[in-house]
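Peer 1: Take a look at this one; I'll ask things after.
The values are calculated or read from the model by the stated rules, or taken from the named source; none is laboratory data. This structure is a prediction, so every number in the text was calculated from the model and none was measured. Cβ placement follows ideal geometry from the backbone for every residue including glycine, while neighbour counts extend to all protein chains displayed. The accessibility values were calculated without ligands, DNA or RNA, using every heavy atom of the protein model including side chains. Shrake-Rupley method; radii C 1.70, N 1.55, O 1.52, S 1.80 Å.
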Amino acid sequence: MTTNVNDLHCETPKNMYVKLISSDGHEFFIKRDLALTSQTIRAMLSGPGQYAENETNAIRFRSISSEVLARICSYFAYKARYSNSTIEIPEFPIAPEHALEILMAANFLDC
Amino acid sequence: MFNQIIDQPELLPTNQLLQGHLNSSVYLTNNVWKIAFSPCSKYLAIPKQDIYGENCVLIVKCSNWNAKDIHTTDLSVCQRFTCISGIWSLAFGQRKTEESISCQPILLDPNNLLLPKTRRELLNRRRSSLSVVNRRHDFTKDLFLAAGLADGKINIWNIDTGELTLILKDHQSTVCGLDFTSCTMQLATCSHDTTIKLWDLLDDGNMYKTLNEWTHVINAVKWSPDETLLCAVGPYELVILYDTVTWAELHKFEGHLHSVIDCAFSSDSALLATASYDTQVILWSTVTGEILKTFAHKIPMPLKIYAGGDNGAFVRSVVITKYNHNIITACDDNKIRWFSLALNDQSRMIYERTETNVLCVAMTVDGHTMAVSNRNGEVHLLSTLSTTGTCHPPLLKYFCRLLINATLGTKRKEVFSLPLSQHLIKYLIYQDIKTK
């Protein structure tokens, strides 16, 4: 996951990166296959032309704040790193003050 | 799907070393009723009896039970404690300092800061003015082992120094169950003299409460991981939950048909699993008090007259694995079974393993290893790395649920007033795994 602007443009060849935008305007560029961990994002990006996001590879979440979205992107990386892993999987830390919002966002994103 | 068994739980290479230590001709083949792992997962306590009739507890130390190469492991019997009478129960206890406990910031409302949410906070407040200097024994640092004996005494040994630190004498009869809290060195003991006693080891072993409302033995007591609940189980289908701050009876669970012998809490204290002689393990919600799942060990389920009597399939022991993926049970039909908790709506067994005369199952806190003991005086070590769902990390929703339930503490009924949709509140109280 990276938030650098210099080497990424949404329309990179093969659409390797997607842009997730939080409610307060923070933009998160993450690899497409990491974002597809979420079934909702997968549906948004691959649905047959129903969602505008399909064209621009950017998704705006009006209900998810930037701290919550940042943690969700960390979770995508954590999940990709430790899936099918033979080593011990550490616990994914969540700050208690964000727990409710992350739960609602995780429920919405189905991840 | 993360809860499929990919590899079978295997006997570990270190198991051979352990057998070498245990099978020496000095020891009799006794019934090993209880074994215990330490909170740091490095020590295993096994009660044995030697040929001179002396009862002893062996402490086996190993830094990595799952080591592949038995020549490089450091498995050894590091201590051998002797006692006068038979050992019925064992528990390790170690005080955890505030830094290593995850702090409990306010989830709901800043005004609730004033009320202690967990027993830990209540005790810390009461004890903040007491100093350790005035205490005769220092229980604040080392690892301790408590053993409940047949004559009613409780021996407490310091594992690091090997000395018998304290003997607690108050029970009139066999101490058949005991449990330490995870952080504050409180000890709950239950006995054949029909009482439950609570001891505060940080106050020099002061016994501050006795619960004696019954006329029968209490088989086991367990603290919940967040120390807000105490579960007591016994004959006549007794399963009872106490609030540890007020000592009010929170729930009396009805549903078993025979004596209840063992219980286990999930890591967020929201689930309670109880094992009974009626061939069932029942999973209860500690928030609502209802039955979520029933795990049967004899299929078809025996008729009530057999469930309440001699059926040959008493369930002796139950543990819940790390992250609450699975339940592992030991049953008198010589089998250890794994049941999945995360499979919605189903109470299917996902794996079983034969182990003759199995008595007790214990798991390390880190979730890597389990040990089973039997009536032949043996203890076997099995790897659980492949079965605790460690092939795939849990869902983010899952982590949120564990965290929210663990943080609610004594205010667990307030889950219903959280600003969430009904669907999510049902998810938090584990309605999604309830058998329909």
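Peer 1: Can you give the extra length, in nm with one decimal, that the chain gains between B:Asp366 and B:Lys304 once fully stretched, where that is 0.36 nm per residue apart less the Cα-Cα distance?
Peer 2: Full extension of this stretch gives 18.5 nm more.
Peer 1: Once you have all Cα-Cα distances for the protein assembly as shown, histogram them in 20 Å bins from zero and send the whole-percent values.
Peer 2: 20, 52, 24, 4, 0
Peer 1: Given R₀ = 51 Å, what would the calculated FRET efficiency be for B:Gln172 paired with B:Ser25, taking r from the Cβ atoms and rounding to 0.05? Don't skip to the answer; put the middle values down first.
Peer 2: Working: r = 37 Å, r/R0 = 0.72.
So, using R0 = 51 Å, E works out to roughly 0.90.
Peer 1: Taking beta carbons within 10 Å but only from partner chains, what does the mean come to for residues A:74-80?
Peer 2: For peptide A:74-80, the averaged partner shielding equals 2.
Peer 1: Here's something else I'd like to know. Considering all projection directions equally, how large on average is the shadow of the alpha-carbon convex hull of chain B, in square nanometres?
Peer 2: 21.0 nm²
Peer 1: Under 17 Å Cα-Cα from B:Lys298, which lysines qualify once same-chain neighbours fewer than 8 residues away are excluded?
Peer 2: Here the lysines satisfying the reach criterion relative to B:Lys298 are B:Lys335.
Peer 1: If you plug each phi of region A:79-95 into the Karplus form 6.51 cos²θ - 1.76 cosθ + 1.60 with θ = phi - 60°, what whole-Hz ³J(HN,Hα) values come out, in order, with x for Gly and Pro?
Peer 2: 5, 5, 5, 9, 6, 6, 9, 8, 8, 5, 8, x, 6, 8, x, 10, 6
Peer 1: Scan chain B and hand back the longest stretch that contains none of the GluC sites (Glu not before Pro) lying in DSSP loops with at most 16 other Cβ atoms within 10 Å.
Peer 2: With a cap of 16 other Cβ atoms within 10 Å, the longest stretch comes to B:291-436.
Peer 1: What percent do you get for the relative contact order of region B:13-394 when only Cα pairs under 8 Å and 6+ apart count? Show your work: numbers first, answer last.
Peer 2: On the way: 954 pairs, mean separation 47.7, N = 382.
Relative CO of region B:13-394 lands at 12 percent.
Peer 1: Let me ask you something else. Filter B:Lys34/B:Lys436; A:Lys19/A:Lys79; B:Lys322/B:Lys413; B:Lys197/B:Lys397; B:Lys96/B:Lys197 down to the pairs with a C-alpha to C-alpha distance above 27 Å, please.
Peer 2: Over 27 Å apart, Cα to Cα: B:Lys34/B:Lys436; B:Lys197/B:Lys397.
Peer 1: Skipping prolines and chain starts, which residues have an amide H placed within reach, meaning under 5 Å, of the one on B:Lys48, given they are 5 or more residues away or on another chain?
Peer 2: B:Cys56, B:Val57, B:Leu58
Peer 1: Check B:Gly377: other-chain or 5+ apart residues with amide H under 5 Å from its amide H, H built from backbone geometry?
Peer 2: B:Asn30, B:Val32
Peer 1: Now, a different point. Tell me the label-point distance for the pair B:Asp432, A:Ala95, using the 7 Å Cα-to-Cβ offset, in nm and rounded to one decimal.
Peer 2: Placing both labels 7 Å beyond Cα along the Cβ direction yields 2.5 nm.
Peer 1: Could you give the length gained on full extension between A:Glu67 and A:Arg32, defined as 0.36 nm per residue of separation minus the Cα-Cα distance, in nm?
Peer 2: Stretched out fully, the A:Glu67 to A:Arg32 stretch lengthens by 10.6 nm.
Peer 1: Another question about this same structure. Using θ = phi - 60° and the Karplus relation 6.51 cos²θ - 1.76 cosθ + 1.60, list the HN-Hα couplings for region B:236-244 in order, rounded to whole Hz, with x at every Gly or Pro.
Peer 2: 6, 6, 7, 9, 9, 10, 10, 7, 7
Peer 1: Let me ask another. Distance in nm between label sites at B:Ile350 and B:Glu163, each 7 Å beyond Cα in the beta-carbon direction?
Peer 2: 4.7 nm
Peer 1: Give me the accessible area buried between chains A and B, both sides summed, with a 1.4 Å probe, in Å² rounded to the nearest 100.
Peer 2: The contact between B and A buries close to 2300 Å².
Peer 1: I've got another one for you. Obtain the nm distance between the two label points defined at B:Lys252 and A:Ser85 by a simple spin-label model: each point lies 7 Å from its Cα along the Cα-to-C-beta direction.
Peer 2: Here the modelled spin labels are 4.8 nm apart.
Peer 1: Something else: Just the number, please: percent antiparallel of the DSSP beta bridges in region A:14-109, rounded to the nearest 5. Numbers along the way, then the final one.
Peer 2: Details: 5 of 8 bridges.
DSSP beta bridges in region A:14-109 are roughly 60 percent antiparallel.
Peer 1: Right, something else. Report the chymotrypsin sites (Phe, Trp or Tyr not before Pro) located in region B:1-97 that are in a DSSP loop and have at most 12 other Cβ atoms inside 10 Å of their Cβ, or state none.
Peer 2: Here the sparse-neighbourhood loop sites are B:Tyr52.
Peer 1: Okay, next question. Name the residues whose placed amide hydrogens come within less than 5 Å of the amide hydrogen of B:Asn357, ignoring near sequence neighbours (fewer than 5 apart) on the same chain.
Peer 2: B:Asn334
Peer 1: 222 nm [θ] for chain B, helices only, -39500 (n - 2.57) per DSSP H run of 4+, per residue, to 500?
Peer 2: Using -39500 (n - 2.57) per qualifying helix, the result is -2500 deg cm²/dmol.
Peer 1: Oh, and also: Taking loop as defined by DSSP and a crowding limit of 12 other beta carbons within 10 Å, which trypsin sites (Lys or Arg not before Pro) in region B:257-326 fit?
Peer 2: Taking region B:257-326 and a limit of 12 other Cβ atoms within 10 Å, no loop trypsin sites (Lys or Arg not before Pro) are found.
Peer 1: Residue by residue through region A:63-69, what is 3J(HN,Hα) from phi via Karplus (6.51 cos²θ - 1.76 cosθ + 1.60, θ = phi - 60°)? Round to whole Hz and write x for glycine and proline.
Peer 2: Once θ is set to phi - 60°, the couplings for region A:63-69 become 10, 10, 7, 5, 5, 5, 5 Hz.
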